[in-house]
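Here the structure is laid out as structure tokens; the discussion comes afterwards.
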Amino acid sequence: LNLRGYAKAQGAPSRGTLAELVGDGRLQLSLDIEGLDQPYQSLVPLEGDSIGEVFEHYLAQSEQQPAGLWLACSAEAAVALFVQKLPGADLKDLDGWARVQQLAQTVRDDELLGLDAAEILRRLFAEEDVRLFDARPITHDWPADPEKVAGMLRALGEDEVRTILAEHGEIVVHDDLSNHTYRFDAADV
């Protein structure tokens, strides 16, 4: 599972709701689906007081399945508990989803940050039939793309690029999303 995320702020963020911190922003979700040439992308308004609530709203609207997402973070880790109602679940257990939501809402940040997945599930859902799937690593995946940056410089035009090189000796482009820095000198142009 590859994950990309980006947030930029001036200074330390103040406390407040998501809307107070970022205004009327948008959340973009991109899914790389095998067999499709381009990622499936969805842009949704930030409806909710937390990223978890925004994601829950997205799932309810796009997949028409209720979900719950609880997030916690420390300086060392970011963790989540995600539960989603499966299609047809009401046929097997009429009040199952309501029960799962009630139990999941009791999870605390210190539990998410301090316990492994098996222990969290055991504590929250001791009376439920729960399966824990094998863990999959989550990696940051935003590959370097020097050709895209070179294309951006070509779009500026040769005169503009040569002017920048004359003033600064090199062109430095930092991609905040990938955290890559690209350097171009006269030989590259």
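Of all lysines in the structure, those lying under 28 Å Cα to Cα from K148, and not within fewer than 8 positions of it along the same chain, are K8. Relative to the longest principal axis of the Cα atoms of the chain, the long axis of helix 146-156 lies at roughly 50 degrees. Fully extending the segment from D116 to Q10, taken as 0.36 nm per residue of separation minus the present Cα-Cα distance, adds 34.7 nm.
If the segment from L94 to S50 were pulled out straight at 0.36 nm per residue, it would be longer than the present Cα-Cα gap by 12.9 nm. Exposed loop positions in the chain were taken to be trypsin sites (Lys or Arg not before Pro) whose DSSP state is not H, G, I, E or B and which have at most 10 other beta-carbon atoms within 10 angstrom. Between these positions, the longest stretch is 16-130.
The long axis of helix 158-168 is offset from the longest Cα principal axis of the chain by roughly 90 degrees. The ranking of F82, F184 from fewest to most other beta carbons within 10 Å of each one's beta carbon is F82, F184. Among Y58, Y40, the ranking by other beta carbons within 10 Å of each residue's beta carbon, starting with the fewest, stands as Y40, Y58. Taking D145, D32, D129 as the candidate residues, the one with maximal mean-square fluctuation in a Gaussian network model of the chain, Cα springs under 10 Å, is D129.
Are there any GluC sites (Glu not before Pro) in region 20-57 that are in a DSSP loop and have at most 10 other Cβ atoms within 10 Å? List them by number. Working shown, then result.
Details: sites: E20, E34, E47, E53, E56; in loops: E34, E47.
Taking region 20-57 and a limit of 10 other Cβ atoms within 10 Å, the loop GluC sites (Glu not before Pro) found are E34.
Working from the Cα coordinates of region 2-134, the gyration tensor eigenvalues give, after taking √(5λ), semi-axes of 27, 21, 16 Å in decreasing order.
For A72, neighbours were defined as the other residues whose beta-carbon sits under 13 Å from its Cβ, and their charges (Lys and Arg +1, Asp and Glu -1) total -3. Return one number: the angle in degrees, 0 to 90 and rounded to the nearest 10, between the long axis of the Cα atoms of helix 51-62 and the longest principal axis of the Cα atoms of the chain. Long axis of 51-62 versus the principal axis of the chain: about 80 degrees.
If one computes P(r) from the Cα atoms of region 62-158, what percent of pairs lie at distances over 24 Å? Spell out each step's value before the answer.
Numbers: 2020 of 4656 pairs.
In whole percent, the long-distance tail amounts to 43.
Ordered by the count of other Cβ atoms within 10 Å of each Cβ, fewest first, L91, L156, L71 give L91, L156, L71.
Maximal additional length on extending the Q41-D159 stretch stands at 38.9 nm, based on 0.36 nm per residue less the C-alpha distance.
The modelled label-to-label distance for the pair D145/A80, using points 7 Å beyond Cα in the direction of Cβ, is 2.2 nm.
All of the numbers you see were taken from the coordinates with simple rules; none came from a lab. Since the model is a prediction, treat every value here as computed from it, not as a measurement. Reconstructed Cβ throughout: ideal geometry from the backbone, glycine too, with neighbour counts over all protein chains shown.
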